[in-house]
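Contents: one structure, followed by commentary.
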Amino acid sequence: MPHVPVPRTPLPRRIAASGPLRGEIAVPGDKSISHRALILSALAVGRSRIAGLLEGEDVLATAAALRAMGVGIERTGEGTWTVDGVGVGGLLQPAGALDMGNSGTSARLLMGLVASHPITATFTGDASLSRRPMARVADPLRTMGADVFASPGDTLPLMVRGLCPAVPIAYTLPVASAQVKSAILLAGLNTPGITRVTEPVPTRDHSERMLTGFGAHVTVEDTPEGRVISLTGEAELRPQDIVVPGDPSAAAFWLVAAGIVPGSDLLVRGVGLNPTRTGLLTALRLMGADIQEANPRTVGGEPVADLRVRHAPLRGIEVPLELAPSMIDEYPALFVAAAFAHGRTVARGAAELRVKESDRIAAMAAALGANGVPVEEHDDGLTVQGSCGDPIPGGGTVATRLDHRIAMSMAVAALHARAAITLDDASPALTSYPAFFATLADIATQESAA
Ligand code: S3P
């Protein structure tokens with residue numbers, strides 16, 4: 001019987017309006033990069049050191065699973081970790097089920113890792129993760145020779161029995177998904193020959209960048225069919241010292257918050273600006289947001305800058321469809337920005353939002369609707385009618401549905417609402433941004449509190 005995780009006790013939270021948001025803040029380490037830093041360090045031969053690791057529940061689930069498969073992982077200070085890698089092919093049979101909690105990235109990337117090792121692992125998760133589609137990963141991994149025994153609908157709990165050696169594949173992604181791409185590339189690491197992934201639509205490229213940094217042979221080619229990533233298997237990875245840049249998906253909440261609360265002037269330091277992640281920045285600028293970049297630099301092989309954001313009137317836009325992959329996690333925050341814009345914002349072409357930690361289209365339609373924002377739900381997005389910069393009515397309760405981004409986005413909406421907004425459960429923020437509410441308390445002011 002797989003171990004069934006115990007749900008956390010809900011933590012309701014009431015958030016009132018704020019005066020101008022002011023000050024300087026840093027955001028936590030990038031979630032995607034933190035998972036990959038642990039995983040690739042685990043497969044290197046020798047000791048890697050990671051600084052700036054995101055210590056949220058999702059990343060800790062990846063660390064715990066890797067430990068259960070024989071990797072030595074220690075926390076040496078705030079955000080600093082050492083990983084004693086076992087080498088590609090060196091993972092051991094875990095004694096119990098691997099609890100992925102709320103983390104789709106942990107589940108999908110680690111399924112790929114197990115698929116080409118001579119081990120069998122059971123993956124479990126919380127109620128949200130247990131509803132999410134895993135066929136997108138299971139199908140290519142089965143083609144590589146792994147067995148995946150999933151629950152009905154190809155969901156968790158599921159068991160992966162790896163094949164060693166696995167069979168290299170050339171695979172075209174049917175959905176734009178960096179998790180699927182990364183799962184296949186990770187399986188390819190311990191597979192003889194060349195594993196090739198074609199992505200018709202480019203997605204975040206942290207895996208490719210970091211694999212190269214660890215010494216794997218990876219080539220990336222732009223072709224008429226899309227971006228083709230080729231990885232030479234049976235790789236030997238060299239341990240690295242990695243600094244994780246700040247998470248643009250965490251910065252997103254502050255960019256929107258300072259953008260909508262009159263008088264705000266906020267400096268967000270050390271934000272990762274990998275072009276596969278900056279769609280929200282582009283969309284907010286199209287809406288008229290005042291966001292300036294300073295001190296551009298490279299951290300951990302990724303472009304980084306400090307962002308100064310000042311309140312500015314926003315206008316509604318049609319969000320360009322091609323931005324979707326580079327802002328896929330930022331739609332909830334964008335919907336909040338739209339709720340304060342002049343005119344209406346139409347965001348479509350993002351049906352993937354329905355299979356994130358929650359159905360984010362339905363969740364945000366309900367959350368904004370309950371707080372007096374007129375919204376129209378589409379199968380692939382939302383149309384949001386803005387308040388022309390006025391406070392929204394607020395006063396409603398938001399079902400956060402085990403989804404960190406719903407909780408944090410609606411906390412931001414509350415900062416410029418006539419009546420306080422209640423989150424039925426704020427605890428999902430712990431998965432990706434444990435300090436979110438402490439940072440909010442640091443920058444919020446009382447001047448015009450409702
Ligand atoms: C992620 C990829 C995206 C994103 C998720 C993190 C990653 O998911 O939504 O939060 O780290 O690779 P998809 O791969 O499903 O698009």
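General observations
- Between helix 104-115 and the chain: long-axis angle, C-alpha atoms, 0 to 90°, nearest 10: 10
- Degrees separating the helix 248-260 axis from the principal Cα axis of the chain, which is the longest one: 10
- Secondary structure note: in the chain, about 75% of the DSSP beta bridges are antiparallel.
- Note that region 267-335 presents 38 Å² accessible area per residue, ligands and nucleic acids not counted, probe 1.4 Å.
- Region 31-235 pair-distance distribution - Cα-Cα, 5 Å bins, rounded %: 1, 8, 17, 22, 22, 17, 9, 3, 0, 0
- One compactness figure for the chain is 0.95, namely its Cα radius of gyration divided by 2.2 N^0.38 Å.
- Sulfur and carbon atoms: percent of accessible area, region 382-442 [1.4 Å]: 55
- Annotation: extensible slack from THR445 through THR276 equals 57.5 nm (criterion: 0.36 nm per residue apart, minus Cα-Cα distance).
- Karplus-derived 3J(HN,Hα), 6.51/-1.76/1.60, for each residue of region 433-438, Hz, glycine and proline x: 8, x, 8, 4, 6, 5
- Using alpha-carbon coordinates, inclination of helix 31-43 to the longest axis of the chain, degrees: 20
- Rounded to 0.05, the FRET efficiency of the ALA95 and HIS217 pair, given R0 = 22 Å and the Cβ-Cβ distance, is 0.05.
- The heavy atoms of ARG310 offer some 70 square angstrom of accessible surface to a 1.4 angstrom probe.
- Checking every one of the trypsin sites (Lys or Arg not before Pro) in region 26-57 against DSSP loop status and a limit of 13 other Cβ atoms within 10 Å picks out no site at all.
- For region 192-294, carbon and sulfur atoms together expose 52% of the accessible surface, with a 1.4 angstrom probe and every protein chain in place.
- Ranking by accessible area, most exposed first, for THR400, THR172 with a 1.4 Å probe: THR172, THR400
- Per-atom-type breakdown for region 35-131 gives carbon and sulfur 51% of the accessible area (1.4 Å probe, protein chains only).
- Rolling a 1.4 Å probe over the protein heavy atoms gives region 27-71 an accessible area of 23 Å² per residue.
- Remark: relative contact order (the chain) = 19 percent; criterion is Cα-Cα distance under 8 angstrom and separation of 6 or more residues.
The values are calculated or read from the model by the stated rules, or taken from the named source; none is laboratory data. In this text, all values refer to a predicted model and were calculated from it rather than measured experimentally. Neighbour counts run over all protein chains shown; Cβ positions are idealised from the backbone, glycine included. Ligands, DNA and RNA are stripped out before the accessible areas are found, and what is left, the full protein with its side chains, is counted by its heavy atoms. Shrake-Rupley method; radii C 1.70, N 1.55, O 1.52, S 1.80 Å.
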